[in-house]
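Comments concern the structure below.
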Amino acid sequence: LTHVRSRMGRNASISTARELEALGDGGSGSGGEAGGGVSDEVCQRVLSMFRDPHRHVDYLRGTDFAKDLLDLCARTRPLLECEPRVVFLQSPCYVFGDLHGNLEDLHFFSDNVWRLGMSLTAGNFLFLGDYVDRGMSGLEVVAYLMVMKISMPNKVHLLRGNHETRDVNGWEEHYGIRSFISQCQRFGPEIGYRVWEETNQVFDRLPLAAVIDQEIFCVHGGIPRSVSTNRSQIEDILSVPAVAGINPPYEHERDGQQQVASDCIWSDPASEEQEKNGVDPESGFGESLRGGGAICFGNRAVTNFLSQHGFSYILRAHEAHADGVAISKGARVFTVFSTSKDHNQGCQAMGESYFPF
């Protein structure tokens, strides 16, 4: 860590300096969390892989990685099951959009946002979902994020996207070798299916939304339609079961709960044309161009939602943008997309595609 200490200027806190001194010079490199609670062999193997995946090809293709994934899933599930469906956070907070199996961009964030390690970086880390599909490193991305969640459960927060559902990440006919289920088959059909299913059981337990400083509503897709006249939309989200399949649902999920959860992971801001012709003037909601029962939310829906809860902004992911971010609905809705690959986006999308609050 000598080279790290040498870069520390006057802005480095005394407590951070002390932590670095306590680590000694045998600390981890990029993405490592030495001293941050990651001490067991499974987590260390995943962190070593993350630092230099090209040197761990045999590990990534072998049963040891599959066993480590199953171990991480078993430890992550109870952590997520104890969390509310809406997580309430305080700033400072770094917020990231879709990653879609892009390990290189996740490594970029590690090098530039938490280069001293998440444990030594002030604030919370919030990921808005869509960790798998499209990119070829979905398993590696999920493994790293689970290690971070296990190590720092109150600092690292993972929300659910539409690709964290079996109907989407099991759609091999559409995504081919870029589908998550196809990538799991590297371990063989039996072990591969078990890894896919156990990972989806982790996804079933992911929270649906977060609120930063009682002001910024964070979600993968967008705001849900109300399903109750005597509850707020936040209360509707909180009523979703701690274990929810969504698409497809479990038997215990009621129709209203499934609708709320689906709206959170699938909805989009209405376009200008949809605002004119496709959005209900009273509710502010309309049918999405995505089809399949997805909805869009217009200015009226945004105004009603923010006013009801006393929020100022909505921060969401779900849509690709060449610059990594987009602003809509009177600068009240921010869209962040954090992968520069697989949606024909340039490196500008990587450099600008997270929000520090």
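The values are calculated or read from the model by the stated rules, or taken from the named source; none is laboratory data. The model shown is predicted, which means the values in this text are computed figures rather than measured ones. Please note that ligands, DNA and RNA were not included when accessible areas were found on the heavy atoms of the full protein model with its side chains. Shrake-Rupley method; radii C 1.70, N 1.55, O 1.52, S 1.80 Å.
Structure remark: mean-square fluctuation, Gaussian network model of the chain, C-alpha springs under 10 Å; the largest value among Gly291, Gly161, Gly123 belongs to Gly291. Accessible surface of the chain, 1.4 Å probe: 48 percent of it comes from carbon and sulfur atoms. Only DSSP H runs of four or more residues enter the estimate; each adds -39500 (n - 2.57), and after division by the residues of the chain the mean residue ellipticity at 222 nm equals -11500 deg cm²/dmol. Only helices reaching 24 angstrom along their own axis (Cα) with mean Kyte-Doolittle hydropathy no lower than -1.0 count here, and for the DSSP H runs of the chain these are 63-81. Normalised by 2.2 N^0.38 Å, with N the number of residues, the alpha-carbon radius of gyration of the chain equals 0.98. Of all DSSP beta bridges confined to the chain, the antiparallel ones make up roughly 40%. Each distinct pair of alpha carbons in region 126-180 adds a 1/r term; the inverse of their mean, the Kirkwood radius, is 11.7 Å. A Cα-only calculation for region 295-339 places Rg and Dmax at 11.1, 33 Å.
Heavy-atom accessible area for Lys67, with the other protein chains in place and a 1.4 Å probe, reaches approximately 130 Å².
Of the residues Gly222, Gly256, Gly188, the one that moves most in a GNM of the chain with alpha-carbon contacts below 10 Å is Gly188. Residues Thr229, Thr339, sorted by accessible area with the largest first, give Thr229, Thr339 [1.4 Å probe; ligands and nucleic acids excluded].
In the assembled protein chains, Trp171 presents an accessible area of approximately 120 Å² (probe radius 1.4 Å). Under 5 Å between amide hydrogens, built in the peptide plane, is the criterion, and for Val87 it picks out Ala209, Ala210, Val211 among residues at least 5 positions away or on other chains.
How much solvent-accessible surface does His309 expose, in Å² to the nearest 10, with a 1.4 Å probe and all protein chains in place? Surface open to solvent at His309 totals about 40 Å². P(r) tail for region 131-249: Cα pairs beyond 17 Å make up 61% of the total. Accessible area per residue for the chain, computed on protein heavy atoms with a 1.4 Å probe, is 43 Å².
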